[in-house]
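Peer 1: Let me give you the structure first, and then I'll get to my questions.
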Amino acid sequence: MIRIIPDNTKIKFTALKYKAFLFSLLLSVVSMLAVAFIGLNLGIDFRGGILLEVRTNNVEVAEIRNELTNIDIGEISIQEFGSSVDFLIRVERQIGEDDAQQIAVEKIKNALNNKFEDKIEYRRLEFVGPTISKDLIRKGVLAIIFAVVAMLIYIWFRFELPFAMGAVVALIHDVTLTLGVFSIVGLEFNLATVAAILLIIGYSMNDTVVVYDRVRENLRKFKKMDFEELIDKSVNETLTRTVNTTATTILALGTLYFIGGEIISDFSFAMLWGIVVGTYSSIFIASTILIYMNVRSYSDKKEN
């Protein structure tokens, strides 16, 4: 059997803690500045707008785009949806009430019908109003906050408070970097992205719990061992499991990203980025930050 991580690996992760903390701090600051000054490319879910799904017969996306560029209805986005004959047409919300949205839809249909006639089939039409989009933004933010708080409570009860604080720092790090990369790259941020962030939180926490379990176990076994050495030992003992899980997950998500089509590419990218960042934070942030959390004193008090 091929082993990616050899037995008895003794990598000194804690020796890199200052470099890792500085690197993570730099990325976090860049991410926050990007979100603050560049902003997120909010999808129709959060901005409001029109979504029209069409099926075509021997029509290229470039042809559809050419026909719609002359329509004065604002920003238009066209992407493949599942196959090369299905497309999603996204249009920014028009100024005015429902009548203004209907007029924009009619302009789109007229332009396409005049050019392609019976080659276009309209399969789905959705409107997202400003009230709904604001409510979705609020619920999306609350979902992420509640997930982080829930993880804090879970780790607090399963381990001790210092472990919980370390885990939450790692989670905030993962969420911040994910938001930052979406802002910098300009990928669409929608409800699917929020779902990806929640999955990233769960994955990262699961990885962190495995490391914390081994730390707690080794605290009971090696009461006199230097704590930094104990952290290194614990991370190395769980490294094979961490790398194997990450590698297999990346293989599955990589397949989705490259051949799953544009409709799920942003979701897949968010997951891929989050898996890599979550694995990094479990090893270099969540574990090494325990050095400053007085974990050994809490553990000794609990046993006494």
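Laboratory data are not the source of any read-out in this text; all were calculated from the coordinates shown. The model shown is predicted, which means the values in this text are computed figures rather than measured ones. Cβ coordinates were reconstructed from backbone atoms using ideal geometry, including for glycine residues, and neighbour counts include every protein chain displayed.
Peer 1: For segment 48-53, just list the computed ³J(HN,Hα) in residue order, Karplus coefficients 6.51, -1.76 and 1.60, θ = phi - 60°, integers in Hz, with x standing in for Gly and Pro.
Peer 2: 3J(HN,Hα) across segment 48-53, in whole Hz: x, x, 10, 10, 10, 9.
Peer 1: For segment 112-121, just list the computed ³J(HN,Hα) in residue order, Karplus coefficients 6.51, -1.76 and 1.60, θ = phi - 60°, integers in Hz, with x standing in for Gly and Pro.
Peer 2: 3J(HN,Hα) across segment 112-121, in whole Hz: 6, 5, 5, 8, 10, 6, 8, 8, 10, 10.
Peer 1: Read phi for every residue in segment 174-180 and hand back ³J(HN,Hα) as whole Hz from Karplus 6.51 cos²θ - 1.76 cosθ + 1.60, θ = phi - 60°, with x for Gly and Pro.
Peer 2: Computed from phi, the couplings for segment 174-180 are 5, 5, 4, 5, 5, 4, x Hz.
Peer 1: Separation of segment 58-104 and segment 23-51 by C-alpha centroid, Å?
Peer 2: Value for the Cα centre distance between the two parts: 24 Å.
Peer 1: Now for a different question. Select from segment 17-105 those GluC sites (Glu not before Pro) which occupy a DSSP coil region and have at most 14 other Cβ atoms within 10 Å, ordered by residue number.
Peer 2: Glu60, Glu75, Glu97
Peer 1: Starting from the eigenvalues of the Cα gyration tensor, five times each then square-rooted, give me the equivalent ellipsoid semi-axes of the chain, largest first, whole Å.
Peer 2: 48, 20, 14
Peer 1: Beta carbons within 10 angstrom, averaged per residue: use that to sort the peptides 107-118, 206-217, highest first. Walk me through the intermediate numbers first.
Peer 2: Values: 107-118: 14.7, 206-217: 19.8.
Ranked from most to least packed, the peptides come out as 206-217, 107-118.
Peer 1: In nm, to one decimal, how far is the modelled label at Lys134 from the one at Asn58, with both set 7 Å along Cα→Cβ?
Peer 2: Calculated label separation equals 5.0 nm.
Peer 1: Below 8 Å, C-alpha to C-alpha, sequence gap of six or more: please give me the relative contact order for segment 126-190 in percent.
Peer 2: About 19 percent, as a whole number.
Peer 1: To continue, here is another question. From a point 7 Å beyond the Cα of Ile103 in the direction of its Cβ, which residues of segment 61-80 have a backbone N at a distance under 14 Å?
Peer 2: In segment 61-80, the label zone of Ile103 (backbone N under 14 Å from the point 7 Å along Cα→Cβ) covers 72-74.
Peer 1: Restricting to DSSP H runs of at least four residues, report the calculated mean residue ellipticity at 222 nm for the chain, -39500 (n - 2.57) per run over all residues, nearest 500 deg cm²/dmol.
Peer 2: Mean residue ellipticity at 222 nm (helix-derived): -22000 deg cm²/dmol.
Peer 1: Here is a further query. Which loop chymotrypsin sites (Phe, Trp or Tyr not before Pro) in segment 221-265, with loop taken from DSSP, have no more than 15 other Cβ atoms within 10 angstrom of their Cβ?
Peer 2: Phe222
Peer 1: Additional query: So who's got an amide H within less than 5 Å of the one on Asn41, skipping anything under 5 residues away but keeping other chains? H placed 1.01 Å off N, in plane.
Peer 2: Phe189
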